Amino acid sequence: METDATYRGTVYPWQCDHVGHMNIMWYVGKFDEANWNLFARLGLTPSYLRGSGRGMAAVQQNITYKRELLAGDIVEVRSRLVEIRDKSIRFMHEMRNAESGKIAATCEFVGVHMDRQARKSAPFAPAIRDAAEKHLEPELA
């Protein structure tokens, strides 16, 4: 997949908890922003989602916290698509302290392609599936 980050930002003091590190709710938020940038690379752009009546729903999310992030730290998330199925995708995010390069957290998501009107899962359009298959990076054995 492209080497560009799917998210870049900064940890602000108001995102830190009583222990002094970024609170878990902000990790989730930054990973969510990375989701939308990853989706756009696959063709799941806001205009596609609005125009097609489709959406994406997270059905599973597993976060591993490895190192603290502190106020002022610059954060970068890089993402990779691990699996695509008829109606779902599985992908990984890796959040790093951009200065040190050390991994702060990882997150694995499973997202389901939805028909917003029917309120149920729907197959990906062929163009989306083709784009996703070009970006597929299966897990290392």
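The values are calculated or read from the model by the stated rules, or taken from the named source; none is laboratory data. All figures in this text were calculated on a predicted structure; none of them were measured in a lab. Note that we place each Cβ from the backbone using ideal geometry, even for glycine, and neighbour counts take in every protein chain shown.
Could you please let me know if Thr6 is touching a Leu at 6+ places or on another chain (Cβ under 7 Å) and either polar (S, T, N, Q) or within 15 Å of Glu68 (Cβ to Cβ) (or both)? I'd like the intermediate steps shown before the answer.
Details: touching a Leu at 6+ places or on another chain (Cβ under 7 Å): yes; either polar (S, T, N, Q) or within 15 Å of Glu68 (Cβ to Cβ) (or both): yes.
When the stated conditions are applied, Thr6 passes them.
Which residue is nearest to Ile103 (Cα to Cα), if the candidates are limited to the range 1-49 and must be modelled with pLDDT of 95 or more and among the hydroxyl-bearing types (Ser, Thr, Tyr)?
The extreme case among them is Tyr27.
Take the residues of the range 45-70 that are over 30 Å from Gln117 (Cα atoms) and not basic (Lys, Arg): which is surrounded by the most Cβ atoms within 10 Å (Cβ to Cβ)? Spell out the reasoning first.
Filtering the range 45-70 down to residues over 30 Å from Gln117 (Cα atoms) leaves 63-70.
Filter once more, keeping what is not basic (Lys, Arg): 63-65, 68-70.
On the way: Ile63: 15, Thr64: 10, Tyr65: 16, Glu68: 15, Leu69: 25, Leu70: 13.
Checking each candidate, the answer is Leu69.
Sort out for me the strands (runs of 3 or more DSSP E) sitting completely within the range 71-141 that have 1 or more residues that are surrounded by fewer than 20 Cβ atoms within 10 Å (Cβ to Cβ) and polar (S, T, N, Q). Explain how you work it out, then say what you get.
Details: elements: 74-84, 88-97, 103-115.
Output list reads 88-97, 103-115.
Assuming Trp26 fulfils every condition listed in (1) touching a residue at least 40 places away in the same chain (Cβ under 8 Å); (2) touching a helix residue (DSSP H, G or I) at 6+ places or on another chain (Cβ under 6 Å) apart from one, which condition is it?
Of (1) touching a residue at least 40 places away in the same chain (Cβ under 8 Å); (2) touching a helix residue (DSSP H, G or I) at 6+ places or on another chain (Cβ under 6 Å), only one is false for Trp26: (1).
Check Gly20, Gly72, Gly53 and return the single one that is at positive phi and without any contact (Cβ under 8 Å) to a residue 60 or more places away in the chain. Give the steps one after another, and end with the answer.
Numbers: Gly72 fails: without any contact (Cβ under 8 Å) to a residue 60 or more places away in the chain; Gly53 fails: without any contact (Cβ under 8 Å) to a residue 60 or more places away in the chain.
When all the criteria are applied, what remains is Gly20.
Would you point out the residue of the range 23-38, among those that are of a type in the set (A, V, I, L, M, F, W, C) and in contact with a strand residue (DSSP E or B) (Cβ under 6 Å, 6 or more places away or on another chain), that is surrounded by the fewest Cβ atoms within 10 Å (Cβ to Cβ)?
Among those residues, the one meeting the criterion is Phe31.
Can you tell me how many residues within the range 1-43 are closer than 18 Å to Cys107 by Cα and either in a helix (DSSP H, G or I) or in contact with a Pro (Cβ under 9 Å, 6 or more places away or on another chain) (or both)?
Within the range 1-43, residues that are closer than 18 Å to Cys107 by Cα and either in a helix (DSSP H, G or I) or in contact with a Pro (Cβ under 9 Å, 6 or more places away or on another chain) (or both) number 16.
Listed here are the residues, each with its yes/no results for (1) under 14 Å from the mean Cα position of the chain (by Cα); (2) β-branched (Val, Ile, Thr); (3) closer than 14 Å to Met92 by Cβ.
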site	(1), (2), (3)
Asp17	no, no, no
His21	no, no, no
Met25	no, no, no
Gly29	yes, no, no
Asn35	yes, no, yes
Gly43	no, no, no
Leu49	no, no, no
Ile63	yes, yes, yes
Val77	yes, yes, yes
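Give the residues of the range 44-60 that are part of a loop (DSSP other than H, G, I, E, B) and not β-branched (Val, Ile, Thr), sorted by residue number. Break it down into steps so the answer makes sense when it comes.
Start the filter on the range 44-60 by keeping residues that are part of a loop (DSSP other than H, G, I, E, B), which leaves 44-45, 53.
Correct list: Leu44, Gly53.
Of the conditions (1) out of contact with any Cys (no Cβ under 6 Å at 6 or more places or on another chain); (2) of a type in the set (Phe, Trp, Tyr); (3) touching a residue at least 12 places away in the same chain (Cβ under 8 Å); (4) under 24 Å from Ser121 (Cβ atoms), Trp36 satisfies every one except a single condition; which number is it?
(3)
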